[in-house]
Amino acid sequence: MLLKDYVFWKEGVPSHICDQIVKHGTLQTSESARIGEGSGQTKKEVRDSQISWLNAKWIWDWILDPVRRANESIFKYNLHDVEAAQFTKYSAGQFYGWHVDINEDEPNNINNNHCRKLSIIIPLSDPSEYEGGDIEFRSSRCSPDGQYAPPLISKDEFKEKGTLLVFPSIVWHRVKPVTKGTRYSLVAWWGGPFFT
């Protein structure tokens with residue numbers, strides 16, 4: 001389904017595969033989420049969650065084909081590589097404020113003519129397991145303060161376990177604070193040469 005700057009498939013990843021990803025992700029060493037690439041900075045006033053990195057082929061087998069099809073039919077970006085997927089755990093009180101995923105100003109990316117172009121989010125928890133934690137979007141054509149912004153977009157489908165959500169990495173988005181329980185998600189990025 002196409003929704004302005006976003007494409008999503010309900011049950012894009014089956015529930016039992018989501019459970020396997022959570023099991024795999026919770027066995028990995030986690031760290032506090034950072035802002036920026038590489039060593040980055042921990043800024044809990046902007047981003048507060050625990051993350052680990054996953055690169056198992058069986059996970060990518062569920063993600064790459066639908067994202068590739070979405071890109072070929074809708075976005076039409078020049079893509080050439082994916083980053084390791086980020087397994088994220090949000091406990092009560094944790095969140096990620098307004099941000100974009102495009103990272104073209106990172107020094108390593110400038111040297112390699114690389115930036116994130118498509119972002120992928122997969123909720124891994126059933127919405128009955130937590131409260132809050134809504135994913136919200138604004139158009140790619142506005143700033144996080146909402147100037148000249150179209151209405152905020154937040155859909156219940158974005159919270160459904162296994163929804164495969166794909167959007168341009170230039171789109172402003174956030175995860176609102178989880179108020180109860182634990183929210184697990186998988187996020188990934190597909191990149192290519194700088195936009196021109």
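The values are calculated or read from the model by the stated rules, or taken from the named source; none is laboratory data. None of the values given here were measured: they were computed from a predicted structure. Cβ placement follows ideal geometry from the backbone for every residue including glycine, while neighbour counts extend to all protein chains displayed.
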Conditions (1) part of a strand (DSSP E or B); (2) at pLDDT 90 or above: number failed by Val7:
(2)
Would you check if there is a residue in region 69-89 being buried (at least 18 other Cβ atoms within 10 Å of the Cβ) and free of Cβ contacts under 8 Å to residues at least 60 places away in the same chain?
no
Log entry, pairs with first residue in region 29-54 being more than 15 Å from Trp98 (Cβ to Cβ) and at pLDDT below 80, second being charged (D, E, K, R) and surrounded by 14 or more Cβ atoms within 10 Å (Cβ to Cβ), beta carbons closer than 8 Å, six or more apart or on different chains, reads Gly36/Glu106; Glu37/Glu106; Gly38/Glu106; Gly40/Arg34; Gln41/Arg34; Thr42/Arg34
Are any residues in region 125-174 surrounded by fewer than 18 Cβ atoms within 10 Å (Cβ to Cβ), polar (S, T, N, Q) and either at pLDDT below 75 or in contact with a strand residue (DSSP E or B) (Cβ under 8 Å, 6 or more places away or on another chain) (or both), and if so, which ones?
Ser139, Ser140, Ser143, Gln147, Ser154
Can you name every residue in region 49-97 that is outside any strand (DSSP E or B), in contact with an Asp or Glu (Cβ under 9 Å, 6 or more places away or on another chain) and among the aliphatic types (A, V, I, L, M)?
Ala92
